[in-house]
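Each remark here refers to the structure printed beneath this line.
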Amino acid sequence: MDLSEQAENIKRISGVDTKKCLRCGKCTASCPNYEDMEYHPHQFVYFIENGYLDRLLKSDAAFRCMTCFACVERCPRDVKPAKLIEAVRLTLVRQKDSNRLKPYDIIENLNADLPQQAIVSAMRKYTK
Ligand code: SF4
Ligand code: SF4
């Protein structure tokens, strides 16, 4: 699948219509993880709409998103950037041998303060 087909696939599985974006930046302005993400929610929308998906696929920005949905709440056009980010993440982990988190990684990071639910969520988010 080439990059434009991948971009179409990401739009299809996310259900996001990137053309609705006004580029107002409210999604990015409300993102609590702005500092930690190389690319921000408005850029996910813009890059996928304008043929720059390769930048997102080379970055770990999709894995830095906390799926808090603040960007979804703030968007005046109901674009739902977080769903697009989730679809990029899925695209990345579905590539061959691209599981982001392996069971042995969890063992190394286990500690008494880590809720069990966080482990289950991480496995769902970072593996296929
Ligand atoms: S869902 Fe992700 S991109 Fe959107 S505001 Fe939260 S951390 Fe930022
Ligand atoms: S808040 Fe919505 S309309 Fe504004 S830049 Fe973000 S996705 Fe586009």
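The values are calculated or read from the model by the stated rules, or taken from the named source; none is laboratory data. What you see is a predicted model, and the numbers here were worked out from it, not measured in a lab. So basically every Cβ, Gly included, is an ideal-geometry build from the backbone, and we count neighbours across all protein chains shown.
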Checking Tyr52 against (1) over 21 Å from Thr127 (Cβ atoms); (2) surrounded by 14 or more Cβ atoms within 10 Å (Cβ to Cβ); (3) within 16 Å of ligand 1 (Cβ to nearest atom), only one condition comes out false. Which one? (3)
Test for Thr67: is it among the hydroxyl-bearing types (Ser, Thr, Tyr), within 16 Å of ligand 2 (Cβ to nearest atom) and modelled with pLDDT under 95: yes
Kindly provide the set of residues from the stretch 1-45 that are more than 21 Å from Thr67 (Cβ to Cβ) and near ligand 2 (Cβ under 9 Å from one of its atoms), ordered by number. Leu22, Arg23, Cys24
Among the residues listed as Tyr104, Tyr39, Tyr126, the single one being surrounded by 15 or more Cβ atoms within 10 Å (Cβ to Cβ) and over 22 Å from Lys11 (Cβ atoms): Tyr126
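In the list Ile85, Ile119, Ile48, which residue meets the criterion of being β-branched (Val, Ile, Thr) and more than 16 Å from ligand 2 (Cβ to nearest atom)?
It is Ile119.
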Return yes or no: is Arg12 under 23 Å from Met123 (Cα atoms) and either touching a Leu at 6+ places or on another chain (Cβ under 8 Å) or of a type outside the set (Val, Ile, Thr) (or both)? no
Residue by residue through the stretch 63-82, note down the ones that are under 23 Å from Thr127 (Cβ atoms), surrounded by fewer than 22 Cβ atoms within 10 Å (Cβ to Cβ) and within 9 Å of ligand 1 (Cβ to nearest atom). Arg64, Met66, Thr67, Cys68, Phe69
Answer residue from the stretch 13-34, given it is part of a helix (DSSP H, G or I) and among the charged types (D, E, K, R) and is surrounded by the most Cβ atoms within 10 Å (Cβ to Cβ) among those: Lys26
